[in-house]
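**Q** Let me give you the structure first, and then I'll get to my questions.
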Amino acid sequence: MARTDALIFDMDGTMVDSMPWHAKAWIEFARRRGLALDVPDLMRRTTGRNAFECACELMEREVSVAESDAITHEKESIYRELFGAVFAEVAGFNAFARAAAARGLKIAVGTAGDRHNVAFVMERLRMDPLPLAIVGGDEGFTGKPTPAIFLEAARRIGVAPAHCIVFEDAPFGIEAARRAGMRAVAVCTTHSAAELAGPHVIAAVRDYEELALSNFLETLDAATA
């Protein structure tokens, strides 16, 4: 196994258990606008993609920036209201990230979420130490499955892609890690291990408590000794 210098985490469904609330937000968005919306299909097509890409998928056409901004503001405001009332990390995330940092691993976040959702999550998650870099989906990078967000996260922390491990809960994110030349851990909060499989996927777990019980970080240390 290649030396590991950094862990790059997706945010929604990977750091925080938010994906059901994104789905609920789309349901409420559709109700308010009187839209007939197949939410599971929309989630399948958009999870990991940036806001503009999601708006285009929703409307099934190229939208304007203003239209995308309006859709994003409305839907994400609903999401933050819903999830804020029941906010929860993916079990064991903070403890795992803290233990990884204590072992000298660099921590970064690579998410398709915009700055408002990033601020919402980080304020409530209270990571200590904070990530060394956070790359968001509203910074001009194409969304997953392209590797742009993960490659930028690696660039910002000064680590070669081959020495990074990505943590992801969605097929587009797992594919983005592969295209970036990074290994991946599948966090099976919203998809099965089979749906998140790949030759670069080195573990598939339900949450970080399970990952900690497997001595995952200790295994990385042994691989780099």
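**Q** Return yes or no: is LYS106 within 15 Å of the chain's Cα centre (by Cα), of a type in the set (Lys, Arg), modelled with pLDDT of 95 or more and surrounded by 19 or more Cβ atoms within 10 Å (Cβ to Cβ)? Show your work before the answer.
**A** On the way: within 15 Å of the chain's Cα centre (by Cα): no; of a type in the set (Lys, Arg): yes; modelled with pLDDT of 95 or more: yes; surrounded by 19 or more Cβ atoms within 10 Å (Cβ to Cβ): yes.
When the stated conditions are applied, LYS106 does not pass them.
**Q** Could you grab me the full set of residues in region 181-191 that are under 16 Å from ALA162 (Cβ atoms) and either touching a Ser or Thr at 6+ places or on another chain (Cβ under 9 Å) or part of a strand (DSSP E or B) (or both)? Working first, answer last.
**A** If we filter region 181-191 for residues that are under 16 Å from ALA162 (Cβ atoms), which is where we start, we get 181-185.
Once the filter is applied, which keeps residues that are under 16 Å from ALA162 (Cβ atoms) and either touching a Ser or Thr at 6+ places or on another chain (Cβ under 9 Å) or part of a strand (DSSP E or B) (or both), region 181-191 yields ARG183, ALA184, VAL185.
Yes or no, residue by residue, for (1) in contact (Cβ under 8 Å) with a residue 24 or more places away in the chain; (2) small (Gly, Ala, Ser):
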{"site": "TYR79", "(1), (2)": "yes, no"}
{"site": "ALA88", "(1), (2)": "yes, yes"}
{"site": "GLY92", "(1), (2)": "yes, yes"}
{"site": "GLY104", "(1), (2)": "no, yes"}
{"site": "HIS116", "(1), (2)": "yes, no"}
{"site": "PHE120", "(1), (2)": "yes, no"}
{"site": "ILE165", "(1), (2)": "yes, no"}
{"site": "ILE174", "(1), (2)": "yes, no"}
{"site": "THR190", "(1), (2)": "yes, no"}
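**Q** Does at least one position in region 52-68 carry a residue that is among the aromatic types (Phe, Trp, Tyr), out of contact with any Ser or Thr (no Cβ under 6 Å at 6 or more places or on another chain) and surrounded by 15 or more Cβ atoms within 10 Å (Cβ to Cβ)?
**A** The initial filter retains those residues of region 52-68 that are among the aromatic types (Phe, Trp, Tyr), namely 52.
From what is left, the residues that are out of contact with any Ser or Thr (no Cβ under 6 Å at 6 or more places or on another chain) are none.
Taking every residue of region 52-68 in turn, none turns out to be among the aromatic types (Phe, Trp, Tyr), out of contact with any Ser or Thr (no Cβ under 6 Å at 6 or more places or on another chain) and surrounded by 15 or more Cβ atoms within 10 Å (Cβ to Cβ).
**Q** Can we say THR46 is hydroxyl-bearing (Ser, Thr, Tyr), under 22 Å from ALA180 (Cβ atoms) and not assigned by TED's automatic domain parsing to the domain that holds ALA160?
**A** On the way: hydroxyl-bearing (Ser, Thr, Tyr): yes; under 22 Å from ALA180 (Cβ atoms): yes; not assigned by TED's automatic domain parsing to the domain that holds ALA160: yes.
Taking the combined requirement at face value, the residue satisfies it.
**Q** Follow-up question, since we're still on this one. Across region 69-92, what is the total count of residues that are loosely packed, with under 15 Cβ neighbours inside 10 Å and on the phi > 0 side of the Ramachandran plot?
**A** Here the count works out to 0.
**Q** To continue, here is another question. Report those helices (runs of 4 or more DSSP H) wholly inside region 6-119 carrying at least 3 residues which are more than 18 Å from HIS191 (Cβ to Cβ). Don't jump to the end; show me each part of the working.
**A** Numbers: elements: 19-33, 39-46, 51-59, 65-84, 93-102.
Helices (runs of 4 or more DSSP H) meeting the threshold: 19-33, 51-59, 65-84, 93-102.
**Q** Looking at ALA177, ALA194, ALA212, which is the one that is assigned to a loop (DSSP other than H, G, I, E, B) and of a type in the set (A, V, I, L, M, F, W, C)? Before the answer, list the steps.
**A** Values: ALA177 fails: assigned to a loop (DSSP other than H, G, I, E, B); ALA212 fails: assigned to a loop (DSSP other than H, G, I, E, B).
Every option except ALA194 fails the conditions.
**Q** Select from region 113-160 the residues that are among the charged types (D, E, K, R) and either surrounded by fewer than 22 Cβ atoms within 10 Å (Cβ to Cβ) or under 16 Å from TYR79 (Cβ atoms) (or both) and list them in ascending order.
**A** From region 113-160, those among the charged types (D, E, K, R) are 114-115, 123-124, 126, 128, 138-139, 144, 152, 155-156; that's our starting set.
Matches in region 113-160: ASP114, ARG115, GLU123, ARG124, ARG126, ASP128, ASP138, GLU139, GLU152, ARG155, ARG156.
**Q** Does ALA204 satisfy the criteria of being in a loop (DSSP other than H, G, I, E, B), among the hydrophobic types (A, V, I, L, M, F, W, C) and either under 17 Å from MET19 (Cβ atoms) or free of Cβ contacts under 8 Å to residues at least 12 places away in the same chain (or both)?
**A** Against the criterion (in a loop (DSSP other than H, G, I, E, B), among the hydrophobic types (A, V, I, L, M, F, W, C) and either under 17 Å from MET19 (Cβ atoms) or free of Cβ contacts under 8 Å to residues at least 12 places away in the same chain (or both)), ALA204 does not qualify.
**Q** With the requirement that a residue be among the hydrophobic types (A, V, I, L, M, F, W, C) and at pLDDT 95 or above, what does region 1-22 give you?
**A** As a first pass, look at region 1-22 and keep what is among the hydrophobic types (A, V, I, L, M, F, W, C): 1-2, 6-9, 11, 15-16, 19, 21.
ALA6, LEU7, ILE8, PHE9, MET11, MET15, VAL16, MET19, TRP21 - these are the residues of region 1-22 that are among the hydrophobic types (A, V, I, L, M, F, W, C) and at pLDDT 95 or above.
The values are calculated or read from the model by the stated rules, or taken from the named source; none is laboratory data. Quick caveat: nothing in here was measured; it's all calculated off a predicted structure. Here the Cβ is made from the backbone with ideal geometry for all residues, glycine too, and neighbour counts use every protein chain on show.
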